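A short worksheet on the structure shown next.
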């Protein structure tokens with residue numbers, strides 16, 4: 001592809017024409033380029049799409065662009081949308097359109113079912129499946145700068161043109177292993193709009209606080225929710241509103257006077273003199289024991305159960321190796337822990353995961369099967 005052939009779409013008529021063509025495709029590949037260093041929400045700069053014969057870069061910063069035909073394409077259930085690790089791409093689309101693209105296929109999840117490690121990069125897949133080595137020189141370029149350089153456009157467009165080949169190669173592997181059904185449940189999770197939305201009231205969960213004081217936990221929850229809402233309102237990174245270490249320091253000390261608040265180390269002046277912040281801290285002082293979050297950690301394992309847990313982990317590795325899939329596609333440690341303690345787990349008690357691992361895990365814990373070394377490899381017997 002020559003540099004002269006890539007002309008970004010900057011007007012609504014061209015975008016409409018492109019979307020009409022792509023609406024007749026069985027599948028299209030989709031990617032985005034965005035910036036997030038100075039904003040809370042990703043700032044969409046480019047959208048790349050490719051069908052069998054048409055591929056284009058859409059300039060998301062072009063003024064007056066009518067995105068209606070593109071959102072209609074994203075909701076066209078006759079056209080499969082192929083992404084690689086699409087969490088942030090879809091987050092952007094949800095914010096702009098209010099809906100999740102459907103149906104969606106994630107090549108990163110599919111790669112796990114084809115023997116690749118979890119979270120395999122797009123560049124790794126491209127090289128392994130198509131032999132194409134992607135030049136990542138433009139990966140951290142400034143996508144807000146205009147005009148876009150030819151090298152930027154080539155880099156952006158190759159992501160979706162090569163992704164078609166990656167998808168087709170994965171499809172062949174999935175068909176050969178008869179694993180399309182394995183992915184259905186995982187792909188369905190990508191359609192849940194709540195997966196891409198942030199609840200400010202849950203913002204405290206990403207912070208760590210070592211305290212048994214109700215006032216500290218009440219302060220942490222209210223301050224974290226306030227900071228999240230401010231970050232969203234101002235469209236600024238949460239750390240630019242109030243740094244994590246300062247927030248947790250406030251939660252630990254709970255200063256409930258203006259003088260004490262101002263003296264808090266590292267606190268910005270606008271926060272120190274904010275009456276809303278002071279009011280939250282004053283209210284936190286009155287918190288009762290129910291402000292302390294209930295522990296949701298699994299009960300501690302006994303020494304015997306810890307041994308059984310190690311057996312389950314080893315069995316998972318053996319099965320994953322036999323099936324040539326990433327172990328995390330089958331189960332995570334949390335799933336194994338719940339299965340050990342309760343004798344069942346929603347992930348391992350239904351569908352293909354039960355067939356290839358859940359039953360074996362149950363028999364292993366019951367002593368019906370064991371492990372041994374055969375020809376230098378650990379096997380189940």
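With in the same structural domain as residue 369 (by TED's automatic domain parsing), surrounded by 15 or more Cβ atoms within 10 Å (Cβ to Cβ) and more than 26 Å from residue 110 (Cα to Cα) as the only criterion, which of 348, 316, 336, 311 stands out? Even if it seems obvious, please write down each step before you answer.
On the way: 348 fails: more than 26 Å from residue 110 (Cα to Cα); 316 fails: more than 26 Å from residue 110 (Cα to Cα); 336 fails: more than 26 Å from residue 110 (Cα to Cα).
So the residue among 348, 316, 336, 311 that is in the same structural domain as residue 369 (by TED's automatic domain parsing), surrounded by 15 or more Cβ atoms within 10 Å (Cβ to Cβ) and more than 26 Å from residue 110 (Cα to Cα) is 311.
Which residues, taken from region 28-53, are more than 20 Å from residue 102 (Cα to Cα) and in a loop (DSSP other than H, G, I, E, B)?
Residues satisfying the conditions are 36, 37, 38, 39, 40, 41, 42, 53.
Being in contact (Cβ under 8 Å) with a residue 24 or more places away in the chain, part of a loop (DSSP other than H, G, I, E, B) and in contact with a helix residue (DSSP H, G or I) (Cβ under 6 Å, 6 or more places away or on another chain) narrows it down to one residue among 85, 110, 62, 99; which is it?
Only one candidate passes the filter, namely 85.
Considering region 347-372 alone, what residues qualify as being more than 17 Å from residue 309 (Cβ to Cβ) and at pLDDT 85 or above?
349, 350, 351, 352, 353, 354, 355, 356, 359, 368
List the number of the failed condition for residue 298; all other conditions in (1) touching a helix residue (DSSP H, G or I) at 6+ places or on another chain (Cβ under 8 Å); (2) over 30 Å from residue 333 (Cα atoms); (3) modelled with pLDDT under 95 hold.
Failing condition for residue 298: (2).
Do we find a residue being more than 25 Å from residue 101 (Cβ to Cβ), over 23 Å from the mean Cα position of the chain (by Cα) and assigned to a loop (DSSP other than H, G, I, E, B) anywhere in region 173-181? Reasoning before the result, please.
Step one: filter region 173-181 for residues more than 25 Å from residue 101 (Cβ to Cβ), giving 176-178.
From what's left, over 23 Å from the mean Cα position of the chain (by Cα): 176-178.
Retained after the next criterion (residues that are assigned to a loop (DSSP other than H, G, I, E, B)): 178.
The answer is yes; a qualifying residue exists.
In the list 260, 272, 291, 231, which residue meets the criterion of being out of contact with any strand residue (DSSP E or B) (no Cβ under 9 Å at 6 or more places or on another chain), touching a residue at least 24 places away in the same chain (Cβ under 8 Å) and over 30 Å from residue 35 (Cβ atoms)? Full working, then the answer.
Details: 260 fails: touching a residue at least 24 places away in the same chain (Cβ under 8 Å); 272 fails: touching a residue at least 24 places away in the same chain (Cβ under 8 Å); 231 fails: over 30 Å from residue 35 (Cβ atoms).
From the options 260, 272, 291, 231, the qualifying one is 291.
Test of understanding: among 16, 29, 10, which residue is at pLDDT 95 or above, surrounded by fewer than 21 Cβ atoms within 10 Å (Cβ to Cβ) and in contact with a helix residue (DSSP H, G or I) (Cβ under 9 Å, 6 or more places away or on another chain)?
16
Does at least one position in region 157-165 carry a residue that is assigned to a loop (DSSP other than H, G, I, E, B) and either surrounded by 17 or more Cβ atoms within 10 Å (Cβ to Cβ) or not assigned by TED's automatic domain parsing to the domain that holds residue 55 (or both)?
No - not one qualifying residue is present in region 157-165.
The values are calculated or read from the model by the stated rules, or taken from the named source; none is laboratory data. Quick caveat, the model's predicted, so the values are computed rather than measured. Using ideal geometry, Cβ is built from the backbone for each residue, glycine included, and neighbour counts are taken over all protein chains shown.
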